[in-house]
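Each remark here refers to the structure printed beneath this line.
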Protein chains: 2
Amino acid sequence: MKFSRNTFTYDGSFEMRRGGVLESPSVVYETWGELSADADNAVLIFTGLSPSAHVTSAPEDPAPGWWEEMVGPSRPIDTRRYFVICMNSLGSCFGSTGPASVSPVTGEPYGLGFPVLALEDIAEMGHQVLKHIGIKRVAAVVGPSMGGMTAQAYAAMYPGTYERLLLISTAARALPFAIALRSMQRELIRRDPDWNQGDYPPGAGPITGMRMARKLGMMTYRSAAEWDQRFGRERIPSERKSGDGFAMDFEVESYLDAHANKFTGQFDPNCYLYLSRASDLFDIAEHGGSVEAGLGRIDADKTMVIGVPTDLLFPVHQQREIADALKSQGCDVDYVELDSINGHDSFLVDMDRFRPPIKRFFDE
Amino acid sequence: MKFSRNTFTYDGSFEMRRGGVLESPSVVYETWGELSADADNAVLIFTGLSPSAHVTSAPEDPAPGWWEEMVGPSRPIDTRRYFVICMNSLGSCFGSTGPASVSPVTGEPYGLGFPVLALEDIAEMGHQVLKHIGIKRVAAVVGPSMGGMTAQAYAAMYPGTYERLLLISTAARALPFAIALRSMQRELIRRDPDWNQGDYPPGAGPITGMRMARKLGMMTYRSAAEWDQRFGRERIPSERKSGDGFAMDFEVESYLDAHANKFTGQFDPNCYLYLSRASDLFDIAEHGGSVEAGLGRIDADKTMVIGVPTDLLFPVHQQREIADALKSQGCDVDYVELDSINGHDSFLVDMDRFRPPIKRFFDE
């Protein structure tokens with residue numbers, strides 16, 4: 001399997017959807033497999049908020065990808081057949097231009113000088129990458145979570161440039177519970193004195209704020225049902241306990257703490273703030289005046305929409321809304337509700353349930 | 001209607017369930033209505049985590065109570081018929097002995113010197129109050145939320161002292177999602193430098209931590225469905241906006257902020273920590289070895305259990321668990337699921353749905 005890791009740099013001033021300009025921004029993208037002679041077998045994957053472009057491993061980069069079991073030879077998104085492209089989002093911090101990057105204008109990190117980010121900006125960079133590679137029409141655009149919102153933006157902005165669309169655990173727009181959650185995560189970061197209005201040394205910054213934001217995130221990425229099964233009321237062994245009477249007591253507390261530790265340092269806090277806010281601001285209704293009109297711009301030959309009823313962050317009625325709107329406009333939609341107990345993260349965790357419909361979608 | 005506000009002081013050393021002793025602790029309780037000659041018409045109400053003993057208004061204290069529409073003359077818990085008693089929980093800060101009180105031993109506020117609080121300690125003080133008034137058997141014990149866990153503890157500890165039991169939006173024990181949430185709320189308070197290991201001036205302390213804990217609480221006290229209806233994607237008018245690009249943008253953010261401001265200063269942070277942890281530690285299984293055995297100690301003539309499917313914090317399967325366990329032991333149980341969209345707080349908000357079953361329970 002061929003693999004490549006590339007940097008695409010936009011030539012000139014990139015105008016951001018909500019105002020402001022980036023001079024010659026770059027994005028990192030990786031590819032797996034081979035582009036067919038007709039350039040008709042490409043699959044473009046937009047990521048959720050935190051992943052890099054490394055969706056799956058390759059001999060040249062054996063580190064497991066964030067969707068390792070879904071993408072690769074003989075896997076549901078089969079890299080023997082498809083040329084898979086995954087981009088690190090504009091605004092992120094794994095090689096692409098974002099608030100943590102050095103501005104070519106000032107010679108300093110952008111920090112809060114980075115313009116307001118929209119998911120449409122990420123979608124546009126995806127489109128630029130395809131143009132750069134020489135792909136006029138992809139076989140499929142794929143997006144889970146925030147990536148699914150970016151994929152909808154892409155589909156509404158560039159009709160005719162994709163054959164199929166796969167939207168997973170996503171929404172046509174952010175609703176108040178998700179907005180409140182992300183707002184609180186951002187507040188946790190911004191209230192950390194080490195955030196310092198976004199001005200902190202690279203790799204440092206609001207560690208505590210990021211840990212707390214991640215803990216809060218984990219509470220909505222998984223589900224109560226999963227935790228009941230995994231942890232119940234199991235206690236931390238006394239030798240692992242420390243501190244005052246209010247320190248951790250239950251295994252679920254220890255689990256959240258471990259996840260928070262793992263995340264911190266990997267992700268730049270300012271990038272997190274920008275991507276988080278971009279998710280809140282996204283509303284497909286901006287592409288035509290209403291959710292229906294925005295989704296009406298999508299012209300995929302076939303769309304699959306997958307949802308999970310235990311998802312708190314992107315509740316299943318939001319996937320139904322997308323599927324129903326597309327169906328009512330005569331689109332060919334396969335709506336799939338999966339009985340996973342892993343909540344929003346099910347697409348990353350419950351592979352036994354997610355593999356079959358996605359394999360079916362790509363085998364057809 | 002007769003009304004009284006009283007302080008009961010326990011005579012001597014009060015042994016706490018999880019170790020430690022309080023010297024002559026007091027609780028504040030209020031009463032409405034008149035005790036019958038046979039002393040058989042009393043209703044004892046245990047509160048959720050944050051309310052005072054003031055469950056409803058009275059001419060002598062016209063401030064609206066925390067369950068104003070439920071308790072009073074001609075209301076579902078009718079004070080013309082019943083003698084209603086509501087106690088401010090031991091460990092709280094509205095007149096009862098708690099971490100914010102001055103210890104008679106040291107002459108200083110207890111702070112973290114307060115022993116670990118159990119809901120059973122609150123139940124025992126309730127029992128002492130009844131003994132003090134001269135009531136051997138109440139007509140009903142009532143508890144919503146944390147108060148419902150206290151009511152179960154009371155019922156398991158003092159069989160034969162109550163006729164009926166009304167449990168609302170509560171659980172036989174805390175499960176991991178609720179534990180994780182409360183743990184995070186406590187961490188937000190404890191990480192505030194102004195908490196200072198529980199040593200802060202009265203009325204001051206970790207304001208920011210309390211605000212953040214309250215915001216997080218509100219996210220699980222209400223429901224996503226309610227917020228979709230109330231706020232949708234409504235924005236804050238530009239004249240009310242302030243600060244950097246990450247300040248509040250959506251009405252739901254402003255709503256949470258207003259709630260956080262209202263709560264802060266009302267409730268003592270250390271008391272909050274103790275009551276929050278007591279909720280995590282509660283497990284009816286401690287009263288007999290299993291949830292079933294613990295609930296098996298309850299000998300009410302009639303029990304009503306009310307749940308709301310939109311409740312994230314005390315999910316409806318936990319109310320079903322209580323009802324099923326009691327039924328399987330031959331108890332007379334009326335299990336009521338109410339289609340409220342206000343989540344855990346429905347019993348405080350959706351009075352039109354809650355009044356009828358509670359009226360039925362008390363009219364019978």
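The values are calculated or read from the model by the stated rules, or taken from the named source; none is laboratory data. All values reported here derive from a predicted model rather than from experimental measurement. With ideal geometry, Cβ positions are generated from the backbone for all residues, glycine too; neighbour counts draw on all protein chains shown.
Remark: A:Gly198 matches the filter, which requires a residue to be out of contact with any strand residue (DSSP E or B) (no Cβ under 6 Å at 6 or more places or on another chain), crowded, with 22+ Cβ neighbours inside 10 Å and within 9 Å of chain B (Cβ to nearest Cβ). Do we have A:Gly95 as in contact with a helix residue (DSSP H, G or I) (Cβ under 7 Å, 6 or more places away or on another chain) and either surrounded by fewer than 22 Cβ atoms within 10 Å (Cβ to Cβ) or modelled with pLDDT of 95 or more (or both) here? It is false that A:Gly95 is in contact with a helix residue (DSSP H, G or I) (Cβ under 7 Å, 6 or more places away or on another chain) and either surrounded by fewer than 22 Cβ atoms within 10 Å (Cβ to Cβ) or modelled with pLDDT of 95 or more (or both). The condition (being within 14 Å of chain B (Cβ to nearest Cβ) and in contact with a Lys or Arg (Cβ under 6 Å, 6 or more places away or on another chain)) is satisfied by just one residue among A:Ala156, A:Ala174, A:Ala118: A:Ala118. Note on the stretch B:287-326: residues that are outside any loop (DSSP other than H, G, I, E, B), surrounded by fewer than 20 Cβ atoms within 10 Å (Cβ to Cβ) and free of Cβ contacts under 8 Å to residues at least 24 places away in the same chain amount to 5. Please work out if B:Ile189 is under 29 Å from B:Ala151 (Cα atoms) and within 11 Å of another protein chain (Cβ to nearest Cβ). Yes: the conditions hold for B:Ile189. Of the residues A:Ala300, A:Ala325, A:Ala278, the single one that is more than 14 Å from every other protein chain (Cβ to nearest Cβ) and within 26 Å of B:Glu251 (Cβ to Cβ) is A:Ala325. In the set (1) within 18 Å of B:Arg182 (Cβ to Cβ); (2) more than 7 Å from chain B (Cβ to nearest Cβ); (3) more than 20 Å from the chain's Cα centre (by Cα), A:Glu253 fails one condition alone, (2). B:Ile341 satisfies every condition listed in (1) outside any helix (DSSP H, G or I); (2) closer than 16 Å to B:Ala151 by Cβ except (2).
Among the residues making up the stretch B:103-121, those that are within 23 Å of B:Trp195 (Cβ to Cβ), surrounded by 16 or more Cβ atoms within 10 Å (Cβ to Cβ) and not aliphatic (A, V, I, L, M) are B:Ser103, B:Pro109, B:Tyr110, B:Gly111, B:Phe114, B:Pro115. For the stretch B:79-109, the set of residues classified as touching a residue at least 24 places away in the same chain (Cβ under 8 Å) and either within 14 Å of chain A (Cβ to nearest Cβ) or among the charged types (D, E, K, R) (or both) consists of B:Arg80, B:Arg81, B:Gly91, B:Pro99, listed by residue number. In the stretch B:72-91, the count of residues that are modelled with pLDDT of 95 or more, out of contact with any strand residue (DSSP E or B) (no Cβ under 8 Å at 6 or more places or on another chain) and under 18 Å from B:Gly198 (Cα atoms) is one or more. Checking A:Ser183, A:Ser223, A:Ser238, A:Ser242 one by one, the residue that is more than 7 Å from chain B (Cβ to nearest Cβ) and within 22 Å of the chain's Cα centre (by Cα) is A:Ser223 and no other. Residues of the stretch A:210-220 being more than 10 Å from chain B (Cβ to nearest Cβ) and not aliphatic (A, V, I, L, M), which ones? Residues satisfying the conditions are A:Arg214, A:Gly217.
Residues that are in contact with a Leu (Cβ under 6 Å, 6 or more places away or on another chain), outside any loop (DSSP other than H, G, I, E, B), farther than 22 Å from A:Val252 by Cα and in contact (Cβ under 8 Å) with a residue 60 or more places away in the chain are absent from the stretch B:207-230 altogether. Look at the stretch B:352-364: where a residue is within 21 Å of B:Asn342 (Cβ to Cβ) and a partner is in a helix (DSSP H, G or I), sitting 6+ places away or on another chain with Cβ atoms under 8 Å, you get B:Arg353/B:Ser346; B:Phe354/B:Ser346; B:Phe354/B:Phe347. I'd like to know if the stretch B:265-275 contains one or more residues that are surrounded by fewer than 19 Cβ atoms within 10 Å (Cβ to Cβ), more than 9 Å from every other protein chain (Cβ to nearest Cβ) and either farther than 17 Å from B:Glu187 by Cα or free of Cβ contacts under 8 Å to residues at least 24 places away in the same chain (or both). Yes, the stretch B:265-275 contains at least one residue that is surrounded by fewer than 19 Cβ atoms within 10 Å (Cβ to Cβ), more than 9 Å from every other protein chain (Cβ to nearest Cβ) and either farther than 17 Å from B:Glu187 by Cα or free of Cβ contacts under 8 Å to residues at least 24 places away in the same chain (or both). Criterion first (in contact with an Asp or Glu (Cβ under 9 Å, 6 or more places away or on another chain), without any contact (Cβ under 8 Å) to a residue 24 or more places away in the chain, farther than 20 Å from B:Val305 by Cβ and surrounded by fewer than 20 Cβ atoms within 10 Å (Cβ to Cβ)) does B:Ala180 satisfy it? Taking the combined requirement at face value, the residue does not satisfy it. Might you check whether a residue that is in contact with a strand residue (DSSP E or B) (Cβ under 6 Å, 6 or more places away or on another chain), among the aliphatic types (A, V, I, L, M) and crowded, with 17+ Cβ neighbours inside 10 Å occurs anywhere in the stretch A:328-347? The answer is yes, given that some residue of the stretch A:328-347 is in contact with a strand residue (DSSP E or B) (Cβ under 6 Å, 6 or more places away or on another chain), among the aliphatic types (A, V, I, L, M) and crowded, with 17+ Cβ neighbours inside 10 Å. Does B:Thr47 meet the test of being assigned by TED's automatic domain parsing to the domain that holds B:Thr150 and in a strand (DSSP E or B)? It is false that B:Thr47 is assigned by TED's automatic domain parsing to the domain that holds B:Thr150 and in a strand (DSSP E or B).
Of the residues screened, B:Ser340 is not one that is in contact with a Leu (Cβ under 7 Å, 6 or more places away or on another chain), closer than 25 Å to B:Ala180 by Cβ and not aliphatic (A, V, I, L, M). Answer yes or no: is there a residue in the stretch B:227-234 that is more than 9 Å from every other protein chain (Cβ to nearest Cβ), out of contact with any Gly (no Cβ under 6 Å at 6 or more places or on another chain) and either at pLDDT below 95 or within 19 Å of B:Ile341 (Cα to Cα) (or both). Checked the stretch B:227-234: at least one residue is more than 9 Å from every other protein chain (Cβ to nearest Cβ), out of contact with any Gly (no Cβ under 6 Å at 6 or more places or on another chain) and either at pLDDT below 95 or within 19 Å of B:Ile341 (Cα to Cα) (or both). All told, A:Ala247 meets the bar of being part of a loop (DSSP other than H, G, I, E, B), of a type in the set (A, V, I, L, M, F, W, C) and surrounded by fewer than 18 Cβ atoms within 10 Å (Cβ to Cβ). Checked against (1) more than 19 Å from B:Ser145 (Cα to Cα); (2) touching a Gly at 6+ places or on another chain (Cβ under 8 Å); (3) of a type outside the set (Ser, Thr, Tyr), B:Gly113 passes all but condition (2).
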